[in-house]
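Input: a single structure, listed below in structure tokens.
The values are calculated or read from the model by the stated rules, or taken from the named source; none is laboratory data. Since we're looking at a predicted model, the values are computed, not measured. We place every Cβ from the backbone using ideal geometry, glycine too, and count neighbours over all the protein chains shown. The protein model used for the area step is the full one, side chains on, heavy atoms only, and it has no ligands, DNA or RNA in it. Shrake-Rupley method; radii C 1.70, N 1.55, O 1.52, S 1.80 Å.
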Amino acid sequence: MLESTQSAFHIIFPNTMLQLAATPYTLHFRNPAPTSRGVLTTRPIWFVRVWRSAAPEQVGWGECGPIAGLSRDADGFGDALAALCAEFNAARIAKIAEAMQWLVREAPMWPSLAFGVEMALRDLAGGAQRRWWDTPFARGESSLPTHGLIWMDDFDGVLRQIEAKIAAGFTVIKMKIGALPFEQELALLRCVRQAHPTVELRLDANGAFSPEEALDRLDSLADLTIAFVEQPVKPGCWGVLADLCRHSPAPIALDEELIPIRSVEERRALLNTVRPQYLIVKPALLGGFAVSEAWIAEAEARSIRWIVNSLLESNIGLNAICQWTSAIGGDCVHGLGTGGLFTNNVPTPLTLQGGRLALDSTRPWRLPE
């Protein structure tokens, strides 16, 4: 975190207290989005706002929105968020640093909630300008590469998506596997690899392989130069995953495996036992940016690589994740959204230019009323 933001965390404004509020919002997909957890047509989220009572015109914005069947805090989320806002306002907190500490104490069971409130506090600390991190990307001086995400479809539909992404300038393709018969997916991957030998292919199995078949299926990918395979088996199979990480010809990435982990001890036990080649880091699932950085620190201590992924956020959450990624992510191609999935997304300066995200200062923010 930048020193200027750290200093802002500790500023006291006389006779003023921080206030917290949240408003529900429903994002509508342009096209139905098939996933391993069903077809999505809408995405419920909550916008989180924090301000100082003496300066209500200066508002820090955040966003949260767990996904049913994936996030561990989806059940009863709206009620929990309303209760947390009431508790926060009753606590009469004056400094942002104290608010961050309060959040760590009060919201460990609600990772999406913690993500949104932390985002809003960081925005307010930076002057409520949607400059969560002060980086060349956040200032509109550089861009970030991202992958081209391929949605589940039939054989021809997946192939058309991949060709369109490559034609648009994406050099990294992330494809879901497990929806089609495996032989069809192998044939599709061989077709793509033959036509595009230099494109990086990342696969996401979402736990589709059984423990008994997983290694054989991974062995079938040996000649396709796969960058990594996310979550080949369902979460909780640490012994199976450890064996796959030792013997698979394709590197293994953990994604859903991280979601249930709640303590430093559990985090270390998972990484020490499984020893994956990659972690997929999603701040909205893990509990915010500080918790995500703790995961990254543990990964790097074990020479485990990591990739940041967004999670169907609106442009508010996506902007914050992109800025954070630009501060910590180096030159790696991460899995960042493009802002184009929803018909009623929040207009922001975020643009997509040939497989790279950038902030265009001529495009204004238009925050919800």
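Fully extending the segment from Val264 to Ala164, taken as 0.36 nm per residue of separation minus the present Cα-Cα distance, adds 31.8 nm. Evaluating kT/(6 pi eta Rh) at 20 °C and 1.002 mPa s, with the Kirkwood radius of the stretch 264-305 over Cα pairs in the Stokes-Einstein relation, gives 207 µm² s⁻¹.
Kirkwood hydrodynamic radius computed over the stretch 18-113 comes to 14.7 Å, based on all pairs of distinct alpha carbons. Put simply, the chain fits an ellipsoid with semi-axes of 36, 23, 18 Å; these come from the alpha carbon gyration tensor as the roots of five times its eigenvalues, largest first.
Karplus-derived 3J(HN,Hα) values for the stretch 176-190, using 6.51 cos²θ - 1.76 cosθ + 1.60 with θ = phi - 60°, are 6, 10, x, 8, 9, x, 4, 5, 5, 5, 4, 4, 5, 5, 5 Hz; glycine and proline are entered as x. Expressed as a whole number of Å, what is the distance separating the alpha-carbon centroids of the stretch 215-262 and the stretch 49-110? When both Cα centres are located, 35 Å separates them. In whole percents, the pair-distance distribution calculated for the stretch 282-345 from its alpha-carbon pairs, binned every 5 Å from zero, is 4, 17, 29, 25, 15, 7, 3, 1, 0. Near Phe228, the amide H atoms lying under 5 Å from its own belong to Leu203; only residues 5 or more places off or on other chains count, and H is placed 1.01 Å from N.
Under the rule of at least 5 residues apart or a separate chain, name every residue whose amide H is placed under 5 Å from the amide H of Val281. For Val281, whose amide H was placed from the backbone, the distant partners under 5 Å are Ile307, Val308, Asn309.
Using a probe of 1.4 Å on the protein chains alone, the accessible area found for His147 is around 20 Å². Fully extending the segment from Gln19 to Thr362, taken as 0.36 nm per residue of separation minus the present Cα-Cα distance, adds 120.4 nm. Here the stretch 163-319 yields Rg over Rh of 0.97, to two decimals, using C-alpha coordinates and the Kirkwood radius. Our helix-only sum for the chain, with -39,500 (n - 2.57) per DSSP H run of n ≥ 4 divided by its residues, gives a mean residue ellipticity at 222 nm of -11000 deg cm²/dmol.
Residues of the stretch 43-66 with an amide N closer than 14 Å to a point placed 7 Å from the Cα of Glu87 along the Cα-to-Cβ direction: none.
Calculated translational diffusion coefficient of the stretch 92-246 (20 °C, 1.002 mPa s; Stokes-Einstein with Kirkwood radius over alpha-carbon pairs) equals 113 µm²/s.
Distances between placed amide hydrogens fall under 5 Å for Lys95 paired with no residue 5 or more residues away or on another chain.
Under the simplified labelling scheme, the Asp156-Ala195 pair shows an inter-label distance of 1.3 nm, with each label point 7 Å from Cα along Cα→Cβ. Distances between every pair of Cα atoms in the stretch 185-226, grouped in 5 Å steps from 0 to the bin holding the largest one, split as 5, 21, 32, 23, 12, 6, 1 percent. The 1.4 Å probe gives accessible areas that order Cys245, Cys191, largest first, as Cys191, Cys245.
The mean sequence separation of alpha-carbon pairs under 8 Å and at least six residues apart, normalised by the residue count of the chain, gives a relative contact order of 18 percent.
Look at where the Cα atoms of the stretch 269-307 and of the stretch 334-356 average out, and the two centres are 25 Å apart. Over all pairs of different C-alpha atoms in the stretch 104-166, the reciprocal of the mean inverse distance, the Kirkwood hydrodynamic radius, equals 15.4 Å. Both the radius of gyration and Dmax for the stretch 191-269 are 13.7, 46 Å, in that order, over alpha-carbon atoms.
Think of the chain as having a plus end and a minus end, set by charges on the Cβ of Lys, Arg, Asp and Glu; of Ile307, Val172, Met119, Met119 sits farthest toward the positive end of this dipole. Once you have a ≥ b ≥ c as the square roots of the Cα gyration tensor eigenvalues for the stretch 235-326, tell me rounded if a/c is under 1.5, and otherwise prolate or oblate according to whether a/b is larger than b/c. The shape class here is prolate. Bridging of Lys234 to lysines at a Cα separation below 27 Å is possible for Lys174, Lys176, Lys282, once same-chain residues fewer than 8 apart are set aside. Normalised by 2.2 N^0.38 Å, where N is the number of residues, the C-alpha radius of gyration of the stretch 223-283 stands at 1.08. Over the stretch 38-94, all Cα pairs binned in 10 Å intervals from 0 give whole-percent P(r) values of 18, 44, 26, 11, 2, listed from short to long.
Each Lys and Arg adds +1 at its Cβ and each Asp and Glu adds -1 at its Cβ; summed about the Cα centre, the chain shows a dipole of about 720 debye. The apolar share of the surface of the stretch 14-115, taken as the fraction of accessible area on carbon and sulfur atoms (1.4 Å probe, ligands and nucleic acids excluded), comes to 53 percent.
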